[in-house]
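Peer 1: Got a structure for you, questions after.
Rule-based calculations on the coordinates, nothing more; no lab input. Not measured: the values here are computed from a predicted model. Note: ideal-geometry Cβ built from the backbone for every residue, glycine included; neighbour counts use all protein chains shown.
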Amino acid sequence: LVTIIGAFAGATSMALGSYNSLRSELDFARSHRQKLSIASPLRLVVVMFVAYLIGSFIPLLPFLFSFAFFLTLKFVAFCSLLGLFVAGALKARVTHRVWWRSGFEMTLLGVCAAIVSLLAGYIIGLLL
């Protein structure tokens with residue numbers, strides 16, 4: 001239940017952050033008399049919310065169908081790392097960077113985010 005609530009909170013945060021970012025970009029462009037052709041803010045919010053929600057539930061699916069927790073955890077960790085690497089490598093097609101370097105960078109950033117989350121959970125667990 002906590003994970004599901006966290007997924008919805010994260011999706012809401014990302015959606016509103018995207019909206020705020022878009023509004024800031026539009027305000028900046030207007031103040032410098034530039035024109036931007038950007039999709040509707042509402043569409044951006046909905047797309048970000050749904051994409052984040054789907055992305056946050058994908059790693060949870062194997063746990064719903066397995067009773068071998070630690071084996072499932074290893075499988076999900078491997079798939080997450082592989083997914084991060086592939087996303088980074090694909091990003092290189094747009095940014096024109098070296099694919100393996102971009103993949104490694106995305107994987108490293110994901111690992112750093114995971115470590116921060118685990119440390120926060122550990123510290124909060126000690127305090128409770």
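Peer 1: Counting Lys +1, Arg +1, Asp -1, Glu -1, what net charge surrounds Ala89 among other residues with beta carbon under 11 Å of its beta carbon?
Peer 2: +3
Peer 1: Oh, and also: Restricting to Cα pairs below 8 Å that are 6+ residues apart, what does the relative contact order work out to for the chain? Please round to a whole percent.
Peer 2: 18 percent.
Peer 1: Still on this structure: Picking from Ser117, Thr107, Asn20, whose Cα lies most toward the positive end of the charge dipole for the chain (charges on Cβ: Lys, Arg +1; Asp, Glu -1)?
Peer 2: Sorting the options by dipole projection puts first Asn20.
Peer 1: Helix by helix through the chain, keep the DSSP H runs that span 27 Å or more along the axis on Cα and average at least 1.0 on Kyte-Doolittle, and give those back in order.
Peer 2: Passing helices, by number: 69-95, 99-127.
Peer 1: For every other residue with a beta carbon closer than 12 angstrom to the beta carbon of Glu105, add +1 if it is Lys or Arg and -1 if Asp or Glu, then tell me the sum.
Peer 2: +3
Peer 1: Ok, one more. For the chain, what is the calculated [θ] at 222 nm in deg cm²/dmol (nearest 500), taking -39500 (n - 2.57) for each run of four or more DSSP H residues and dividing by its residue count?
Peer 2: -29000 deg cm²/dmol
Peer 1: Given 4 °C and 1.567 mPa s, compute D for the chain with the Stokes-Einstein relation, Rh being the Kirkwood radius over Cα pairs; round to the nearest whole µm²/s.
Peer 2: Answer, rounded: 75 µm²/s.
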